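Take this structure first; my questions come after.
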Amino acid sequence: MNQAMKRKKPQKNLKSKSPLLNNSPQRKGVCSQIFTMSPKKPNSAKRKVARVKLTTGKTLQAYIQGEGHNLQEHSVVLIRGGRAQDLPGVGYKIVRGAMDFGGVVGRSTARSRYGAKKPKK
């Protein structure tokens, strides 16, 4: 027992929740399709989702946050980790206000997350 207590517990290697980013904080990609999905059971809406082909050649589905967007096919976007909780198979989000993707218009709270500029007084 004493010997067992002296030894360190073998560390579990943590699996990445966003494996397609290859350990980078963000990745560039090109939209190949924009569509809506309906969420899982208790919720009901039309969530905006994009199919994106990354510069690494891999394809994924990414969630478009915020109200309204200017994305279309062949738009260049920045992808970050973070899943849309009620959309199965959507494990990434698109960064607002970066590359071809504009920020949310008229957003006053949590502006940094949605790429919105400070409103003029």
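The values are calculated or read from the model by the stated rules, or taken from the named source; none is laboratory data. Just so it is clear, the structure is predicted and the values come from calculations on it, not from any experiment. Note: ideal-geometry Cβ built from the backbone for every residue, glycine included; neighbour counts use all protein chains shown. When the accessible area is computed, the model is the full protein with side chains, heavy atoms only, and any ligands, DNA or RNA have been set aside. Shrake-Rupley method; radii C 1.70, N 1.55, O 1.52, S 1.80 Å.
Assigning unit charges at the beta carbon (Lys, Arg +1; Asp, Glu -1) and nothing else, what dipole magnitude in debye, to the nearest 20, does the range 68-121 show about its Cα centre?
Values: 11 positive and 3 negative charges, 112 e Å.
Here the range 68-121 has a charge dipole of around 540 debye.
Semi-axes, largest first, in whole Å: what does sqrt of 5 times each Cα gyration tensor eigenvalue give for the range 12-61?
Working: eigenvalues 119, 66, 10 Å².
Equivalent-ellipsoid dimensions as semi-axes: 24, 18, 7 Å.
In the chain, what percent of the accessible surface is made up of carbon and sulfur (1.4 Å probe, ligands and nucleic acids excluded)? Please list the in-between numbers first.
Working: 4450 of 9060 Å².
Its accessible area is 49 percent carbon and sulfur atoms.
Over all directions, the average projected area of the alpha-carbon convex hull for the range 53-121 comes to how many nm²?
5.2
Given +1 on the Cβ of Lys and Arg, -1 on the Cβ of Asp and Glu, and no further charges, what dipole in debye does the range 8-60 carry about its Cα centre, rounded to the nearest 20?
Values: 15 positive and 0 negative charges, 56 e Å.
For this selection, approximately 280 debye.
What size of dipole, in debye to the nearest 20, comes out for the chain about its Cα centre when the only charges are +1 on Lys and Arg C-beta atoms and -1 on Asp and Glu C-beta atoms? All intermediate terms of the calculation are to be shown ahead of the outcome.
Values: 28 positive and 4 negative charges, 150 e Å.
Around 720 debye, computed over the chain.
Also, quick follow-up: Kindly sort Ser16, Ser24, Ser75, Ser112 by accessible area of their heavy atoms, largest first, with the probe set to 1.4 Å. Please list the in-between numbers first.
Details: Ser16 55, Ser24 35, Ser75 10, Ser112 115 Å².
Solvent-accessible surface, decreasing: Ser112, Ser16, Ser24, Ser75.
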